[in-house]
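First comes the structure, then the notes that go with it.
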Amino acid sequence: MGTLDRLAALLPEEAARGINARFGKLTQVGLRANRPVQLSWIGGEALAGDALDANKLRSVVTALMDYSFYAREAELSQGFFTMNDGCRVGVCGRFARDKGEWRLTDVGSACVRVARPVPGCVDAIIDRINAADGLRSTILLSRPGMGKTTLLRDIARQLSEAGRRVAVADERHELAACASGVPTLDVGPRTDVMDGCPRTLAIPALIRSMAPEVIVADEIGGAGDARALADAARCGATVIASAHGESVDMALARPALRAAIEGGAIKQAVLLGPRPGAIMEVRALDEGGDARWKYA
Amino acid sequence: MEIRVALALFVVLCGALGGRALSDGAKRRAEALRYLTEATRRLRVHMTSMFEPVPVALEHAGCELFSTVAQAMEGGVSAEAAWERVRDRATKRGGILDSLTDADREALDRMFAGLGQTGREEQDLLLSSVAEALEIQHRLAREKLKESDKLYGTLGLLIGLMLALIVI
């Protein structure tokens, strides 16, 4: 049973009807205490049903966690947990510090981001990544919600199907949506996934143990990520990553991304937007950074 | 006279079998408690070391009863509610828990009431204390089994003989 099915089964009837009516196109479901359920899809949104009381919200979130708070504790301290099918549930509410760790104590709202594989969504640019003269390290840049993870997953799948050994550092379980270490989403036949492990540990471990040609990592941002990616590139692996950033200039303003790009770990950037899944431009970052290919 | 002797022999046999049945109940209880103690220890490993969600950990604990609870959790049911559904069936005659005492079942009630509700450390403490409680109950059950094995067997035979004498 997928996350949306589970959500529909857990929510009051009218909200469930709203979910079922737009099942195939929902991108996000917002749950807030004492507010109706917010349904979002590309190009629209609506409020569904009566206000959700705080107890109901808590019981829905707990049920989505499979009543397994202990298993989600580390993720929850970062404000989210990921479902088995790759859907990410962001949680807000009251946090308290306990033994040096931040712990969620009360849930005030939750946001379910629907993960939906879109095979072929990178067809337009795959030849720029798997180029005739070899693989090119690439970073996908966009603001949140533009489909970076979906594109990254399809790049991993297509490179893997093209015969490349791909290794995925899936810290947040969103790329491959592993269940007990086994991918539930298609990331290709030659792909190994290190699930739930911090990227700074996963990337060097994958290089050492799996001898990948391609390293895939989602939402890089810290200095440790940049160092790990630069090191992977120096070891001969091609880096495919994503990061928040509305433009290359904005990405370069983030020290970690600047280090990764200037360190030679990234050769080109793919800019996404203005709507989810739309590819705007591929820009070369090496050799002066002048080459650009417009898509939208 | 032959009928009386046959009836007396039948009564002796019934007494002996009755005694054995009582001692079998104690044996089943000890075995069930050992089985549940080991399953609880495995459950603890799957939950607190492997971080498996409750239904998956229950399935992987290698215990039919826990698997049944995991199946009852399908569709968003909590472990406590699922346990309440399963417990009634399991404690009926012929069920896996039919030989357990209230004190034995109380440890399981406590475990399922708190399963998955707290952080790793608290879950570790809960499962350790439940496994310990079940182990203590198992030790007591084995001691009782040693006594009851002899007692009920002999008692059953003696009662049978007594009734046989009355019959003759």
In Å, the Kirkwood hydrodynamic radius of segment A:1-114 over pairs of distinct alpha carbons?
14.2
Take B:Met1 and A:Glu213, extend 7 Å from each Cα along the Cα→Cβ direction, and tell me the distance between the two endpoints in nm.
10.1
Cα coordinate range in chain B, projected on the principal axes (Å, largest first):
73, 31, 21
Is it possible to state the helix-based mean residue ellipticity at 222 nm for the protein assembly as shown, with each DSSP H run of 4+ residues giving -39500 (n - 2.57), the sum divided by total residues, to the nearest 500 deg cm²/dmol? What is it?
-15500 deg cm²/dmol
Roughly how crowded by other chains is peptide B:49-56, in terms of the mean Cβ count from those chains within 10 Å of each of its Cβ atoms?
5
Toward the positive end of the charge dipole of segment B:2-167, about the Cα centre and with charges on Cβ (Lys, Arg +1; Asp, Glu -1), which of B:Gly119, B:Ala61, B:Leu9 goes farthest?
B:Leu9
For helix A:199-210, what angle does its Cα long axis make with the longest principal axis of chain A, in degrees from 0 to 90 and rounded to 10?
60
Mean shadow area of segment A:218-296 over all directions, Cα convex hull, nm²
5.1
If one builds a Gaussian network model of chain B from Cα atoms under 10 Å apart, the most fluctuating residue listed among B:Leu58, B:Leu158, B:Leu100 is B:Leu158
Inverse mean reciprocal Cα-Cα distance (Kirkwood Rh) of chain A, Å
19.9
Once the mean of 1/r over all distinct C-alpha pairs in segment B:79-168 is inverted, the Kirkwood radius in Å reads 15.9
Could you check the spin-label model distance between B:Thr91 and A:Gln78? Points 7 Å from the Cα along Cα→Cβ, value in nm.
4.4
log10 I(q)/I(0) for segment A:126-294, Debye formula on C-alpha points only (no solvent), q = 0.08, 0.11, 0.12, 0.15 Å⁻¹, two decimals, reads -0.20, -0.38, -0.45, -0.73
By what distance, in whole Å, do the Cα atoms of segment A:77-158 stretch along each of the three principal axes, largest value first?
54, 25, 23
Going by average Cβ neighbours within 10 Å, how do the peptides A:117-124, A:95-102, A:225-232 rank, with the highest at the top?
A:225-232, A:117-124, A:95-102
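Read-outs: derived from the displayed coordinates by stated rules, not from any lab. None of the values given here were measured: they were computed from a predicted structure. Cβ: placed from backbone, ideal geometry, glycine included. Neighbour counts: every protein chain shown.
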